[in-house]
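All remarks here apply to the structure that follows.
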């Protein structure tokens, strides 16, 4: 007998995501990914000065805070053919890279880990045994002590005894699919708390370079971060020393805590290397935090796609990116049956679903506020797994060095990376590689200062009188959740069209051209689901994508009316 299961909202993500599933005998037959808010930031920036766009589109999300600003200014600079100073580019890399490392740490410990770590189990652990296990897998981490684990165990025990689980409320803690021994549960919960301190500390890199966080400041033509070793409010030696400490800390935490924790947990859940297999097509345009197409010297590998599960690179073609609305509540003026390239994209909302609250959306052809991006007519996965796999296929030396031993240790093949476990693993691997890259970028930045290169802004094309009457540009960024691109048309000094194609739109899209979106594909076709009232297995797989549906929303009330409109002079 087929059952209908609704997970709404999917928690421990950013934004509003609803999953509708049909199940038979403990297996998922079909899945529908439903973003239940409206995407419309593109409409907000229309007719505005393109130099201001980054400040608006950065508010698309408050978690992946800097990434939309970076993609936006790259799009405007591409349209205006506006070169920026090397030091400004390095600052952007440091801001973007530090945000991604922080995001990966937050995702694993605070959004994903509790799918596998049983908090209740941690309250029953032996702290001495936990310390012995931790010392064997993470010998450099000083907080892996009997005293620390005793403190955390006792705190968790008090929370459990109180019946009020605080930050651990609404977990499925009695679920039969939890497998870790209590001591490893205790290590996981302890590091959950440690990661709160780590991520709060290291993101100060964004504050130093961008003036504030979230939503640091950016600037078309460079960065508003002057360098002067003799001034208190500029980038000076005191701030460089602070940044150096944060970069070193990010390398240490990623290498000595994050990746070993992931390996220990996945070793106990080896079946998830065969669960959550999604689209056999992936897209990756560079390493995390690096520039994308248009910056061939700074991508880390050749931008491209892998099709149909074959580990053979097909070079990226900008013209093959299209967005469809056949499953979304939108309309295209030329007809909804064809896709549009983002250059000519439209954001015309047209809600045709039932009046909220609703019980079931998937009976309708249109069931989501997410558009459906397709590359060369295919649904593609984006994110850390596609980037790591793409780098691996292209024989990137640093990727091979870290991935090959892990594959041997976990008895995996490269094909197994397309799975729930593979996505979690690749995110941790990427955190290590990117933290190391932050160190390289920072050393290059400091070397530039020592060579008296302190220019962070190019004024040559700042004035609109220097711009062409009509131009268009695209800005790419490979960010925490995958390939991000912003597309802009500028006419007579104003934005005439703007489109953002974001990672969670690629991964969380609905059906188009006869294919499910990647979230949907990962859950359909036999994914396990023991208890429909406690859909832990499904959440493990959805969380492995690190959904951020806020990157595709605007604000409407339940009747479809705008809640607010802001006019800025």
Looking only at residues that are part of a loop (DSSP other than H, G, I, E, B) and at pLDDT 85 or above in the range 1-20, which one is farthest from residue 538 (Cα to Cα)? 16
The lone exception for residue 58 - which of (1) part of a helix (DSSP H, G or I); (2) modelled with pLDDT of 95 or more it fails: (2)
Restricted to the range 214-245, and to residues that are buried (at least 21 other Cβ atoms within 10 Å of the Cβ) and out of contact with any strand residue (DSSP E or B) (no Cβ under 8 Å at 6 or more places or on another chain), which residue is modelled with the lowest pLDDT? 216
When the residues of the range 63-72 are narrowed to those that are in a loop (DSSP other than H, G, I, E, B) and touching a strand residue (DSSP E or B) at 6+ places or on another chain (Cβ under 8 Å), which ends up modelled with the highest pLDDT? 64
Condition check for residue 84: assigned to a loop (DSSP other than H, G, I, E, B), touching a strand residue (DSSP E or B) at 6+ places or on another chain (Cβ under 8 Å), within 24 Å of residue 448 (Cβ to Cβ) and in contact (Cβ under 8 Å) with a residue 40 or more places away in the chain: yes
Residues located in the range 349-374, provided they are touching a strand residue (DSSP E or B) at 6+ places or on another chain (Cβ under 7 Å), within 25 Å of residue 9 (Cα to Cα) and either without any contact (Cβ under 8 Å) to a residue 24 or more places away in the chain or not in a loop (DSSP other than H, G, I, E, B) (or both): 349, 350, 368, 372, 373
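With the requirement that a residue be touching a residue at least 24 places away in the same chain (Cβ under 8 Å) and out of contact with any helix residue (DSSP H, G or I) (no Cβ under 7 Å at 6 or more places or on another chain), what does the range 14-36 give you?
18, 20, 23, 26, 27, 29, 30, 34, 36
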Quick test for you: out of 539, 513, pick the one residue that is in contact (Cβ under 8 Å) with a residue 24 or more places away in the chain and either buried (at least 24 other Cβ atoms within 10 Å of the Cβ) or touching a helix residue (DSSP H, G or I) at 6+ places or on another chain (Cβ under 7 Å) (or both). 539
Please give the helices (runs of 4 or more DSSP H) falling wholly within the range 378-491 in which 3 or more residues are under 30 Å from residue 344 (Cβ atoms). 384-393
Name the one entry in 184, 220 that is closer than 30 Å to residue 148 by Cα and touching a helix residue (DSSP H, G or I) at 6+ places or on another chain (Cβ under 8 Å). 184
Select from the range 42-55 the residues that are buried (at least 20 other Cβ atoms within 10 Å of the Cβ) and either without any contact (Cβ under 8 Å) to a residue 12 or more places away in the chain or under 24 Å from the mean Cα position of the chain (by Cα) (or both) and list them in ascending order. 42, 45, 53, 54
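The values are calculated or read from the model by the stated rules, or taken from the named source; none is laboratory data. No experiment lies behind these values; they were computed from the predicted model shown. Reconstructed Cβ throughout: ideal geometry from the backbone, glycine too, with neighbour counts over all protein chains shown.
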